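The structure appears below as C-alpha coordinates.
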Amino acid sequence: MTNPTPVDADLLHGAADPRLDEIVARLNGFLAADPDLSFQAAAYHDGATVLDVWGGPHLAEDSLMVPYSVTKNTIGLTIALLVERGELDLDARVAQYWPEFAAKGKQDVTVRMLLSHQAGLPQATPALSWAELLDHHAAAERLAASRPFWQPGSAFGYHAVTIGNLASELVYRVTGRTLHEVFEQDIRAPRDLDVHLGLPRELDARRVPVLPMIRPVSDTLVPPWSGLIGTAMQMAGPAVDLANDEASWRFGHPAGSGTVTARGLARMFAGAVTGVDGTPPLLSAETVEVVGLQQVRGYDEVLGQHGRAHAIVFQKPSQQLAFGGPRAFGHDGAAGALACVDPDTGVAFGYTIARGPWPGGADPRAVTLAADLGRLLS
(Lines give C-alpha, C1' and ligand atoms only; values in the text may rest on other atoms or scores of the structure.)
Protein backbone atom coordinates (compact mmCIF):
# COMPACT_ATOMS: atom_id res chain seq x y z
CA MET A 1 0.00 0.00 0.00
CA THR A 2 1.37 3.43 -0.92
CA ASN A 3 2.41 5.59 2.02
CA PRO A 4 1.28 9.23 2.20
CA THR A 5 3.94 11.72 1.13
CA PRO A 6 4.35 15.42 1.99
CA VAL A 7 1.90 17.52 0.02
CA ASP A 8 3.27 19.71 -2.77
CA ALA A 9 1.13 22.79 -2.22
CA ASP A 10 1.59 26.47 -1.37
CA LEU A 11 -0.88 26.74 1.51
CA LEU A 12 -1.86 23.20 2.47
CA HIS A 13 0.34 21.32 4.94
CA GLY A 14 0.63 17.64 5.77
CA ALA A 15 0.74 14.44 3.75
CA ALA A 16 -1.43 12.58 1.27
CA ASP A 17 -1.45 9.39 -0.77
CA PRO A 18 -0.27 10.16 -4.35
CA ARG A 19 -3.63 8.89 -5.61
CA LEU A 20 -5.17 11.97 -4.00
CA ASP A 21 -3.29 14.63 -5.96
CA GLU A 22 -6.57 16.10 -7.24
CA ILE A 23 -7.83 16.33 -3.65
CA VAL A 24 -4.65 18.13 -2.55
CA ALA A 25 -4.97 20.62 -5.39
CA ARG A 26 -8.63 21.21 -4.57
CA LEU A 27 -7.99 21.84 -0.88
CA ASN A 28 -5.08 24.15 -1.63
CA GLY A 29 -7.36 26.05 -3.99
CA PHE A 30 -9.94 26.52 -1.26
CA LEU A 31 -7.28 28.08 0.98
CA ALA A 32 -6.10 30.35 -1.83
CA ALA A 33 -9.65 31.55 -2.50
CA ASP A 34 -10.39 32.35 1.16
CA PRO A 35 -7.50 33.56 3.38
CA ASP A 36 -9.67 33.12 6.49
CA LEU A 37 -10.51 29.46 5.80
CA SER A 38 -8.93 27.12 8.35
CA PHE A 39 -9.51 23.36 8.40
CA GLN A 40 -8.05 19.97 9.21
CA ALA A 41 -8.90 16.92 7.05
CA ALA A 42 -7.86 13.33 7.65
CA ALA A 43 -8.74 9.95 6.18
CA TYR A 44 -7.85 6.29 6.53
CA HIS A 45 -8.37 3.63 3.88
CA ASP A 46 -8.57 0.04 5.10
CA GLY A 47 -6.82 1.15 8.28
CA ALA A 48 -3.91 3.04 6.73
CA THR A 49 -3.49 6.82 6.67
CA VAL A 50 -4.11 8.29 3.21
CA LEU A 51 -4.77 11.94 4.06
CA ASP A 52 -3.61 14.12 6.96
CA VAL A 53 -3.65 17.81 6.05
CA TRP A 54 -4.40 21.22 7.50
CA GLY A 55 -4.25 24.87 6.52
CA GLY A 56 -5.34 28.41 7.31
CA PRO A 57 -4.56 30.93 10.05
CA HIS A 58 -6.80 29.56 12.82
CA LEU A 59 -5.88 25.85 13.03
CA ALA A 60 -2.55 24.06 13.43
CA GLU A 61 -1.76 20.38 12.93
CA ASP A 62 -2.70 19.46 16.51
CA SER A 63 -5.35 22.10 17.28
CA LEU A 64 -8.29 20.76 19.26
CA MET A 65 -11.77 22.20 18.86
CA VAL A 66 -15.43 21.44 19.56
CA PRO A 67 -17.13 20.00 16.43
CA TYR A 68 -20.65 20.31 17.86
CA SER A 69 -22.79 17.29 16.91
CA VAL A 70 -19.91 15.41 15.31
CA THR A 71 -19.39 14.51 18.98
CA LYS A 72 -22.47 12.27 18.68
CA ASN A 73 -20.27 9.72 16.93
CA THR A 74 -18.85 8.93 20.39
CA ILE A 75 -22.36 7.96 21.50
CA GLY A 76 -22.88 5.75 18.48
CA LEU A 77 -19.60 3.89 18.92
CA THR A 78 -20.08 3.45 22.67
CA ILE A 79 -23.54 1.99 22.09
CA ALA A 80 -22.12 -0.20 19.31
CA LEU A 81 -19.51 -1.57 21.70
CA LEU A 82 -22.22 -2.58 24.20
CA VAL A 83 -24.17 -4.24 21.39
CA GLU A 84 -20.99 -6.04 20.31
CA ARG A 85 -20.48 -7.36 23.84
CA GLY A 86 -24.08 -8.54 24.14
CA GLU A 87 -24.74 -6.15 27.03
CA LEU A 88 -27.41 -4.10 25.26
CA ASP A 89 -30.38 -5.34 23.22
CA LEU A 90 -31.64 -2.74 20.76
CA ASP A 91 -35.10 -4.32 20.75
CA ALA A 92 -35.48 -4.40 24.52
CA ARG A 93 -37.63 -1.79 26.20
CA VAL A 94 -35.64 1.06 27.71
CA ALA A 95 -37.51 0.54 30.98
CA GLN A 96 -35.97 -2.95 31.24
CA TYR A 97 -32.66 -1.23 31.97
CA TRP A 98 -34.00 2.07 33.35
CA PRO A 99 -37.34 1.48 35.12
CA GLU A 100 -38.08 5.16 35.82
CA PHE A 101 -38.14 5.84 32.08
CA ALA A 102 -41.54 4.11 31.77
CA ALA A 103 -43.35 7.15 33.22
CA LYS A 104 -45.84 9.24 31.19
CA GLY A 105 -46.56 6.69 28.47
CA LYS A 106 -43.00 5.67 27.63
CA GLN A 107 -43.22 2.10 28.91
CA ASP A 108 -43.04 0.58 25.42
CA VAL A 109 -40.19 2.70 24.03
CA THR A 110 -37.41 0.41 22.81
CA VAL A 111 -33.71 1.12 22.88
CA ARG A 112 -33.81 1.20 19.06
CA MET A 113 -36.49 3.93 19.14
CA LEU A 114 -34.69 5.94 21.81
CA LEU A 115 -31.42 5.97 19.89
CA SER A 116 -32.92 6.89 16.52
CA HIS A 117 -34.71 10.07 17.65
CA GLN A 118 -38.17 8.46 17.84
CA ALA A 119 -38.86 8.78 21.58
CA GLY A 120 -40.32 12.30 21.47
CA LEU A 121 -37.93 13.75 24.08
CA PRO A 122 -36.00 16.58 22.41
CA GLN A 123 -36.74 18.58 25.56
CA ALA A 124 -38.15 17.94 29.03
CA THR A 125 -41.24 19.52 30.56
CA PRO A 126 -40.60 22.06 32.01
CA ALA A 127 -37.49 22.96 30.00
CA LEU A 128 -34.08 21.76 31.06
CA SER A 129 -31.30 24.10 32.13
CA TRP A 130 -27.74 23.87 30.89
CA ALA A 131 -26.68 23.05 34.43
CA GLU A 132 -28.86 19.95 34.24
CA LEU A 133 -27.69 19.03 30.75
CA LEU A 134 -24.02 19.33 31.73
CA ASP A 135 -24.50 16.69 34.40
CA HIS A 136 -24.27 12.91 34.19
CA HIS A 137 -27.75 12.24 35.61
CA ALA A 138 -29.84 15.37 36.32
CA ALA A 139 -31.25 15.94 32.82
CA ALA A 140 -31.85 12.22 32.32
CA GLU A 141 -33.95 12.06 35.48
CA ARG A 142 -36.14 14.92 34.24
CA LEU A 143 -36.48 13.46 30.77
CA ALA A 144 -37.55 10.13 32.25
CA ALA A 145 -40.29 11.94 34.17
CA SER A 146 -41.55 13.90 31.12
CA ARG A 147 -44.30 13.10 28.67
CA PRO A 148 -43.04 12.84 25.07
CA PHE A 149 -43.91 15.45 22.44
CA TRP A 150 -45.31 12.75 20.15
CA GLN A 151 -46.33 9.13 20.51
CA PRO A 152 -42.99 7.29 20.52
CA GLY A 153 -42.46 5.42 17.29
CA SER A 154 -45.05 7.45 15.35
CA ALA A 155 -42.48 9.97 14.10
CA PHE A 156 -38.90 11.08 14.59
CA GLY A 157 -37.27 14.40 15.40
CA TYR A 158 -33.69 15.37 16.13
CA HIS A 159 -32.89 15.17 19.84
CA ALA A 160 -30.08 17.68 19.34
CA VAL A 161 -28.80 17.75 22.93
CA THR A 162 -30.95 15.36 24.94
CA ILE A 163 -29.86 12.23 23.07
CA GLY A 164 -26.55 12.63 24.86
CA ASN A 165 -28.18 12.58 28.30
CA LEU A 166 -30.59 9.79 27.40
CA ALA A 167 -27.88 7.56 25.94
CA SER A 168 -25.49 8.28 28.80
CA GLU A 169 -28.04 7.25 31.42
CA LEU A 170 -28.83 4.10 29.45
CA VAL A 171 -25.12 3.24 29.31
CA TYR A 172 -24.87 3.87 33.05
CA ARG A 173 -27.83 1.59 33.82
CA VAL A 174 -26.29 -1.18 31.70
CA THR A 175 -22.65 -0.91 32.81
CA GLY A 176 -22.53 1.05 36.07
CA ARG A 177 -20.26 3.52 34.26
CA THR A 178 -21.13 6.78 32.54
CA LEU A 179 -20.88 7.02 28.78
CA HIS A 180 -17.88 9.30 29.35
CA GLU A 181 -16.15 6.56 31.33
CA VAL A 182 -16.91 3.75 28.88
CA PHE A 183 -15.76 5.84 25.93
CA GLU A 184 -12.59 6.95 27.71
CA GLN A 185 -11.61 3.60 29.18
CA ASP A 186 -12.67 1.24 26.40
CA ILE A 187 -12.37 3.28 23.19
CA ARG A 188 -10.32 6.48 23.45
CA ALA A 189 -7.45 5.75 25.85
CA PRO A 190 -6.44 2.33 24.44
CA ARG A 191 -6.06 3.92 20.99
CA ASP A 192 -4.72 7.32 22.17
CA LEU A 193 -7.37 9.15 20.16
CA ASP A 194 -7.55 12.94 20.05
CA VAL A 195 -11.29 12.76 20.75
CA HIS A 196 -12.10 13.87 24.28
CA LEU A 197 -15.35 13.91 26.23
CA GLY A 198 -14.13 16.51 28.68
CA LEU A 199 -10.85 18.17 27.79
CA PRO A 200 -8.01 17.36 30.21
CA ARG A 201 -6.39 20.53 31.56
CA GLU A 202 -2.99 19.51 30.28
CA LEU A 203 -4.33 19.88 26.72
CA ASP A 204 -5.83 23.35 27.19
CA ALA A 205 -3.04 25.07 25.24
CA ARG A 206 -4.05 23.18 22.09
CA ARG A 207 -7.73 24.19 22.23
CA VAL A 208 -8.93 26.80 19.75
CA PRO A 209 -12.37 28.46 19.71
CA VAL A 210 -15.09 27.92 17.17
CA LEU A 211 -15.45 31.18 15.26
CA PRO A 212 -18.88 32.62 14.43
CA MET A 213 -20.32 32.06 10.99
CA ILE A 214 -20.73 35.18 8.87
CA ARG A 215 -24.18 35.70 7.38
CA PRO A 216 -24.06 37.21 3.88
CA VAL A 217 -25.68 40.63 3.67
CA SER A 218 -27.73 39.35 0.73
CA ASP A 219 -29.27 36.56 2.83
CA THR A 220 -32.57 37.88 4.14
CA LEU A 221 -34.47 34.60 4.19
CA VAL A 222 -35.97 33.35 7.43
CA PRO A 223 -34.96 29.68 7.97
CA PRO A 224 -38.04 27.41 7.65
CA TRP A 225 -37.68 25.87 11.12
CA SER A 226 -40.56 24.08 12.78
CA GLY A 227 -41.80 25.30 16.15
CA LEU A 228 -40.19 22.36 17.95
CA ILE A 229 -36.60 23.36 17.30
CA GLY A 230 -37.18 26.53 19.29
CA THR A 231 -38.70 24.52 22.11
CA ALA A 232 -35.91 21.95 22.03
CA MET A 233 -33.10 24.50 22.15
CA GLN A 234 -34.65 27.05 24.52
CA MET A 235 -33.10 26.08 27.84
CA ALA A 236 -34.15 27.45 31.21
CA GLY A 237 -31.76 29.77 33.02
CA PRO A 238 -28.46 31.24 31.81
CA ALA A 239 -27.38 30.51 28.25
CA VAL A 240 -24.26 28.46 27.48
CA ASP A 241 -22.08 28.59 24.36
CA LEU A 242 -21.82 24.85 23.75
CA ALA A 243 -18.53 25.16 21.85
CA ASN A 244 -16.69 27.94 23.64
CA ASP A 245 -17.82 28.05 27.29
CA GLU A 246 -15.46 26.14 29.54
CA ALA A 247 -18.34 24.62 31.51
CA SER A 248 -19.39 22.88 28.31
CA TRP A 249 -16.11 21.62 26.81
CA ARG A 250 -14.67 20.74 30.19
CA PHE A 251 -17.67 18.46 30.80
CA GLY A 252 -17.70 17.23 27.20
CA HIS A 253 -21.38 16.75 26.43
CA PRO A 254 -21.53 13.62 24.23
CA ALA A 255 -24.13 15.20 21.95
CA GLY A 256 -22.25 18.38 21.24
CA SER A 257 -19.14 19.47 23.11
CA GLY A 258 -16.38 16.92 22.78
CA THR A 259 -12.98 18.30 21.77
CA VAL A 260 -11.24 16.76 18.77
CA THR A 261 -8.83 16.87 15.87
CA ALA A 262 -9.78 15.68 12.39
CA ARG A 263 -7.02 13.07 12.70
CA GLY A 264 -8.59 11.80 15.93
CA LEU A 265 -12.04 11.53 14.34
CA ALA A 266 -10.79 9.62 11.31
CA ARG A 267 -8.67 7.29 13.44
CA MET A 268 -11.60 6.67 15.80
CA PHE A 269 -13.81 5.46 12.94
CA ALA A 270 -11.02 3.47 11.30
CA GLY A 271 -10.17 1.77 14.59
CA ALA A 272 -13.82 0.84 15.08
CA VAL A 273 -14.69 -0.41 11.59
CA THR A 274 -11.56 -1.48 9.67
CA GLY A 275 -8.85 -1.63 12.32
CA VAL A 276 -5.79 0.63 12.22
CA ASP A 277 -2.19 -0.16 11.29
CA GLY A 278 -2.81 -3.90 11.20
CA THR A 279 -4.75 -4.14 14.47
CA PRO A 280 -8.23 -5.73 14.44
CA PRO A 281 -11.29 -3.47 14.50
CA LEU A 282 -13.18 -2.71 17.69
CA LEU A 283 -16.44 -3.90 16.13
CA SER A 284 -17.34 -7.00 14.14
CA ALA A 285 -18.77 -6.61 10.65
CA GLU A 286 -22.12 -7.80 12.03
CA THR A 287 -22.25 -5.04 14.65
CA VAL A 288 -21.22 -2.43 12.08
CA GLU A 289 -24.14 -3.53 9.90
CA VAL A 290 -26.57 -3.46 12.84
CA VAL A 291 -25.74 0.02 14.15
CA GLY A 292 -25.29 1.47 10.65
CA LEU A 293 -28.66 0.23 9.42
CA GLN A 294 -31.13 2.99 8.59
CA GLN A 295 -33.93 3.24 11.17
CA VAL A 296 -35.83 6.33 9.99
CA ARG A 297 -35.97 8.51 6.90
CA GLY A 298 -38.32 11.35 6.06
CA TYR A 299 -39.72 14.41 7.84
CA ASP A 300 -37.96 15.50 11.01
CA GLU A 301 -40.51 16.83 13.52
CA VAL A 302 -37.94 18.99 15.34
CA LEU A 303 -35.95 20.43 12.45
CA GLY A 304 -39.00 20.76 10.22
CA GLN A 305 -37.02 19.29 7.33
CA HIS A 306 -37.70 16.51 4.83
CA GLY A 307 -35.26 13.83 3.77
CA ARG A 308 -33.44 13.41 7.09
CA ALA A 309 -32.19 9.91 7.97
CA HIS A 310 -30.69 8.16 11.00
CA ALA A 311 -29.27 4.79 11.95
CA ILE A 312 -28.59 3.98 15.62
CA VAL A 313 -27.53 7.51 16.71
CA PHE A 314 -25.58 8.05 13.47
CA GLN A 315 -26.80 10.01 10.46
CA LYS A 316 -27.21 8.21 7.15
CA PRO A 317 -26.35 9.71 3.76
CA SER A 318 -29.12 11.86 2.36
CA GLN A 319 -29.62 14.54 -0.26
CA GLN A 320 -28.28 17.10 2.22
CA LEU A 321 -25.45 14.86 3.43
CA ALA A 322 -24.25 12.71 0.53
CA PHE A 323 -21.01 11.68 2.23
CA GLY A 324 -20.94 8.03 1.18
CA GLY A 325 -22.74 4.96 -0.08
CA PRO A 326 -25.82 3.22 1.32
CA ARG A 327 -23.95 1.54 4.21
CA ALA A 328 -22.01 4.66 5.25
CA PHE A 329 -22.76 6.41 8.53
CA GLY A 330 -21.45 9.26 10.64
CA HIS A 331 -22.48 12.68 11.90
CA ASP A 332 -22.05 16.31 10.98
CA GLY A 333 -21.89 19.36 13.23
CA ALA A 334 -23.71 22.69 13.29
CA ALA A 335 -20.58 24.71 12.45
CA GLY A 336 -19.26 22.67 9.51
CA ALA A 337 -17.37 19.67 10.91
CA LEU A 338 -17.98 16.10 9.72
CA ALA A 339 -16.87 12.56 10.55
CA CYS A 340 -18.03 9.39 8.82
CA VAL A 341 -17.09 5.93 7.65
CA ASP A 342 -18.11 3.81 4.68
CA PRO A 343 -17.68 0.07 5.35
CA ASP A 344 -18.00 -0.67 1.63
CA THR A 345 -15.05 1.51 0.60
CA GLY A 346 -13.04 1.21 3.82
CA VAL A 347 -12.73 5.00 4.08
CA ALA A 348 -12.89 6.69 7.50
CA PHE A 349 -12.95 10.48 7.37
CA GLY A 350 -12.66 13.43 9.76
CA TYR A 351 -12.90 17.18 9.11
CA THR A 352 -12.84 20.20 11.40
CA ILE A 353 -13.22 23.86 10.47
CA ALA A 354 -12.66 26.98 12.55
CA ARG A 355 -15.35 29.09 10.90
CA GLY A 356 -18.02 27.13 9.10
CA PRO A 357 -19.92 28.43 6.07
CA TRP A 358 -23.35 30.00 6.48
CA PRO A 359 -26.02 28.79 7.23
CA GLY A 360 -24.44 25.88 9.11
CA GLY A 361 -24.37 22.11 9.08
CA ALA A 362 -21.64 20.09 7.40
CA ASP A 363 -19.36 22.13 5.15
CA PRO A 364 -20.42 21.08 1.61
CA ARG A 365 -16.73 20.90 0.69
CA ALA A 366 -16.23 18.24 3.36
CA VAL A 367 -19.27 16.23 2.27
CA THR A 368 -18.00 16.13 -1.32
CA LEU A 369 -14.49 15.30 -0.14
CA ALA A 370 -15.68 12.31 1.89
CA ALA A 371 -17.61 10.92 -1.08
CA ASP A 372 -14.74 11.54 -3.51
CA LEU A 373 -12.28 9.73 -1.25
CA GLY A 374 -14.43 6.63 -1.53
CA ARG A 375 -14.55 6.98 -5.31
CA LEU A 376 -10.80 7.49 -5.69
CA LEU A 377 -9.62 4.82 -3.28
CA SER A 378 -12.05 1.94 -3.78
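A few comments on the model shown:
- For the chain: relative contact order, % (alpha-carbon pairs under 8 angstrom, 6 or more apart): 23 percent
- Counting every pair of alpha carbons in the range 80-192, the share spaced more than 25 Å apart comes to 18 percent.
- Dipole-positive endmost among A9, P364, Y351 within the chain (Cβ charges, Cα centre): P364
- Percent carbon-and-sulfur accessible area, the range 305-370, ignoring ligands, DNA and RNA, probe 1.4 Å: 57 percent
- Extension gain, A127-D204: 0.36 nm per intervening residue step, less the Cα-Cα distance, totals 24.5 nm.
- The range 104-223, relative contact order [Cα under 8 Å, separation at least 6], %: 23 percent
- Based on alpha-carbon atoms, the Kirkwood radius and the radius of gyration of the range 306-369 give Rg/Rh equal to 0.94.
- Summarised in one figure, the compactness ratio Rg/Rh of the chain, Cα atoms and Kirkwood Rh, is 0.95.
- Calculated over the range 257-332: convex hull of Cα atoms, volume per residue (Å³): 108 Å³
- Annotation for A33 and S226: the two label points, set 7 Å from Cα along the Cα-Cβ direction, are 3.4 nm apart.
- Partner aspartates and glutamates for K106 [C-alpha distance under 17 Å; skip if fewer than 8 residues away on the same chain]: D91, E141, E169
- Distance from the Cα centroid of the range 52-118 to that of the range 227-263 is 15 Å (rounded to whole angstrom).
- Carbon plus sulfur fraction of accessible area for the range 1-78, probe 1.4 Å, in percent: 50 percent
- Summary value for the range 230-285: 16 percent relative contact order, contacts being C-alpha pairs under 8 angstrom separated by 6+ residues.
- Relative counts (whole %) of C-alpha pair distances in the range 12-127, using bins that are 5 Å wide: 2, 9, 13, 13, 12, 10, 8, 9, 11, 8, 5, 0
- Site pair D91 and D344 shows an inter-label distance of 2.6 nm when each label is modelled 7 Å from Cα along Cα→Cβ.
- In order along the range 196-202, phi translates into HN-Hα couplings of 10, 9, x, 6, x, 4, 5 Hz, rounded to whole numbers, per the Karplus curve 6.51 cos²θ - 1.76 cosθ + 1.60 with θ = phi - 60° and x for Gly and Pro.
- Mean accessible surface per residue for the chain, computed with a 1.4 Å probe while every protein chain stays in place, in Å²: 39 Å²
- Heavy atoms of L221: accessible area, 1.4 Å probe, square angstrom to 10: 130 Å²
- Positive-end residue of G176, T162, L20, charge dipole of the chain with Cβ unit charges: T162
- Three semi-axes of the equivalent ellipsoid, the range 228-378, Cα gyration tensor, whole Å, largest first: 26, 19, 16
- Cβ-Cβ distance of A138 and A60, R₀ of 41 Å, FRET efficiency by 1/(1 + (r/R0)^6): the value works out to about 0.65.
- Two-site label geometry, T5 and R26: point separation in nm, points 7 Å out along Cα→Cβ: 2.1 nm
The values are calculated or read from the model by the stated rules, or taken from the named source; none is laboratory data. Only a predicted model underlies this, so the values are computations on that prediction, with no experimental measurement involved. So basically every Cβ, Gly included, is an ideal-geometry build from the backbone, and we count neighbours across all protein chains shown. All accessible areas refer to the heavy atoms of the entire protein, side chains included, with ligands and DNA or RNA removed. Shrake-Rupley method; radii C 1.70, N 1.55, O 1.52, S 1.80 Å.
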